[in-house]
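Below is one structure; the comments refer to it alone.
Laboratory data are not the source of any read-out in this text; all were calculated from the coordinates shown. These numbers come from a predicted model, not from an experiment. Backbone-built Cβ (ideal geometry, glycine too); neighbour counts: all protein chains shown.
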Amino acid sequence: MTSHNKIDKTDVIIVGAGLTGLTTAYWLKRSGKKVRVVEIDNRIGGQIQTQRFNHYIYETGPSTGAVSTPEVAELMNDLADTSQGGCQIETAPDAAKRRLIWKGKRFWELPSGPLSAIFTPLFRFSDKLRILGEPWRKRGNNPNESVGALAARRLGQSFVDYAVDPFISGVYAGNPYTLVTRYALPRLYALERDYGSFIRGAIAKRKQPKTDRDRLATKEVFSARGGLSHIPQAEADYIGMDNISLGVSDVRVSPEGQGWTIVFLDAYGNEQQLQSRWVVTTCGAYNLPELLPFIDKERMDAIAELKYSPIIEVNVGMPETFGGDYCAFGGLVPTKEKRQILGILFPSACFTGRAPKGGALFSFYLGGVRNSEMMDKTDDEIRAIVTQNLHTMLKFPAQAKPDFIHISRHQLAIPQYDINSGRRFSAVESLEHQYHGLILGGNLRDGIGMWHRITQAANIAKRIIMSE
Ligand SMILES: Cc1cc2nc3c(=O)[nH]c(=O)nc-3n(C[C@H](O)[C@H](O)[C@H](O)COP(=O)(O)OP(=O)(O)OC[C@H]3O[C@@H](n4cnc5c(N)ncnc54)[C@H](O)[C@@H]3O)c2cc1C
């Protein structure tokens, strides 16, 4: 290792070149700020990673996002304009809106309206009647009620088992009885708190006047043409690779006068120093103790104890479909059904170019907090489970053979917003209050999906720009 000790000055240092870090850097650069991004991996994108095999394009991290806030639409529109390489956002067609739930020996469509809800075999008859009475059910009084308990109280147990539980598996790979509603699903929590009922709240919200900007939040499912990696790539192209240091190590942040110093080893082992007015961290909670050694143990423990679910994602390319109907977003599996699969997405039904003509791409998800022992299985065992379910769940005939099976393992995939989240959020708030110019971003707060990350990044950038 050679020592260099050159000190560069910049406006904002961002730790992590995932979606949060690059989106924050993108908006800051758009408004004329000098930014530097440091990243320990030797590639950009963080959890986002698109891969190719022959004529298949598949994701080994997140697969689809949702246009749930205007910030998401604004980023997508802006990238389409500024991106040299062309980052074109693609939204899933209506046909791919169908969501399936496994019960018994097959997938059933999740009801999308009152009529289909009456006839679905997914929920008990008594719970269908119970849902009709939801607007008049008493408000809860436990602010720390779990998602499972809240939904059971308002909608009935079969609704929890066959709608909420698989939804939580699909989004959090989590347990509905340990995720606390006000932290994990704050919009749902607010419906009961503010309107006394999910149904009354949803109706009232629909009637509220909307600005043109509000209407940008279409809730559509999105990806990018050619795969999600085009999003961080387009952001990095705009930020400029000169401003992004990849493959760094031993990163340490410390307060220095009115600002911040960050010291790290670059990809060649040379020590580098940066100074800035602001530092934004976007990495996992487990990375923070080493990165921010000046923080007291009590508050750091409250942040770093955050638990993450483990996920195994298996992409399977099928050269033909043998007449099967795979025109849906995908299927989720309730815990009660005791299968080894959390869910299966059908990306080739949602987006163009994901599989060769006549073929199909499937993404299987295994593991999660309730099946973490899956992580101990060998690749051969995982391949055997997926192949078996290709036939039993997706009904491919015995002679059907995949073109490829790709396994990706994520030990620390999705943060679990459980009962300890309040302590974590308070610690973050008090640290940001005490240390001016320090922002602790990333998915340890403000939500776990890509839309949350994009929204948080836009807000962090706004906060920095407004306070200058
Ligand atoms: C298997 C899987 C499936 C998912 N599916 C979906 C989905 O379908 N839809 C959806 O909306 N969301 C999904 N998500 C969540 C989504 O991927 C994340 O919300 C999002 O990608 C997180 O972006 P981020 O930038 O906050 O974090 P990350 O992508 O984790 O980026 C953080 C970066 O910080 C870097 N870093 C860490 N420590 C340091 C350090 N000391 N110095 C410098 N850099 C550091 C890391 O290397 C990393 O690149 C999924 C996640 C996983 C794992």
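Axis of helix 19-30 versus longest Cα principal axis of the chain: the two differ by about 50°, to the nearest ten degrees.
From the C-alpha coordinates alone, can you work out the Kirkwood hydrodynamic radius of segment 34-140, in Å? All intermediate terms of the calculation are to be shown ahead of the outcome.
On the way: mean 1/r = 0.0525 Å⁻¹.
After inverting the mean inverse Cα-Cα distance, the result is 19.0 Å.
The calculated P(r) of segment 194-264, using every Cα pair and 10 Å bins from 0, goes 13, 19, 22, 21, 22, 2 in percent. When you work out D = kT/(6 pi eta Rh) for the chain at 37 °C and 0.692 mPa s, using the Kirkwood radius from C-alpha pairs as Rh and the Stokes-Einstein form, the result is 139 µm²/s. Work from the charge dipole of segment 308-415 (Cβ charges, +1 for Lys and Arg, -1 for Asp and Glu, about the Cα centre) and give the residue of 371, 343, 312 farthest towards its positive end. Ranked along the dipole, the leading option is 343.
Taking a sphere under 15 Å around the Cβ of residue 334 and counting the other residues whose Cβ falls inside, with K and R at +1 and D and E at -1, yields a net charge of +4. Given q = 0.14, 0.19, 0.23 Å⁻¹, what are the Debye log10 I(q)/I(0) values for segment 308-415, with equal point scatterers placed on the Cα positions and solvent ignored? At q = 0.14, 0.19, 0.23 Å⁻¹ the computed log10 ratios are -0.53, -0.97, -1.34. Considering the options 44, 186, 89, tell which one lies farthest towards the positive end of the dipole of segment 41-186, charges being +1 on Lys and Arg and -1 on Asp and Glu at the Cβ, about the Cα centre. Most positive-ward Cα: 186.
Rg then Dmax, both in Å and based on the Cα atoms of segment 123-207: 12.2, 33. Hey, if you drop one equal point scatterer on each alpha-carbon of segment 270-324 and run the Debye formula without solvent, what base-10 log of I(q)/I(0) do you get at q = 0.14, 0.24, 0.25, 0.30 Å⁻¹? Log10 I(q)/I(0), no solvent term: -0.62, -1.07, -1.10, -1.26.
Here the translational diffusion coefficient of segment 383-450 follows from Stokes-Einstein with Rh set to the Kirkwood radius across Cα pairs; for 37 °C and 0.692 mPa s it amounts to 202 µm²/s. Taken about its Cα centre, segment 308-415 carries a charge dipole of about 200 debye when Lys and Arg each add +1 at the Cβ and Asp and Glu each add -1 at the Cβ. When both segment 404-446 and segment 232-269 are represented by their alpha-carbon centers, they are found 20 Å apart.
May I ask for the net charge around residue 205, where only other residues with Cβ less than 12 Å from the Cβ of residue 205 are counted and Lys, Arg are +1 while Asp, Glu are -1?
Values: positive: 187, 200, 206, 207, 210; negative: 194, 214.
Result for the neighbourhood of residue 205: +3.
In the chain, a dipole from Cβ-located charges (positive for Lys and Arg, negative for Asp and Glu) runs towards its positive end, and of 172, 302, 152 it is 152 whose Cα lies farthest in that direction. Peptides 245-251, 120-126 ranked from most to least packed by the mean count of surrounding Cβ atoms within 10 Å: 245-251, 120-126.
Partner lysines whose Cα lies under 19 Å from the Cα of residue 138, excluding those fewer than 8 positions away in the same chain, are identified as 128.
For the chain, adding -39500 (n - 2.57) for each run of n ≥ 4 DSSP H residues and dividing by the number of residues yields -9500 deg cm²/dmol at 222 nm.
Converting the Cα gyration tensor eigenvalues of segment 192-350 into ellipsoid dimensions via √(5λ) gives semi-axes, longest first, of 39, 26, 21 Å. What the pair-distance distribution of segment 50-104 shows, using all Cα-Cα distances binned every 5 Å from zero, is 4, 13, 15, 21, 24, 14, 6, 2, 2, 1 percent. Given +1 at the Cβ of Lys and Arg, -1 at the Cβ of Asp and Glu and no other charges, the dipole of the chain around its Cα centre is 1960 debye to the nearest 20.
Take the cross-link list 9/33; 105/338; 97/338; 103/336 and give me the ones stretching past 18 Å between alpha-carbons.
Working: 9/33 12 Å; 105/338 12 Å; 97/338 26 Å; 103/336 9 Å.
From the list (9/33; 105/338; 97/338; 103/336), the Cα-Cα distance tops 18 Å for 97/338.
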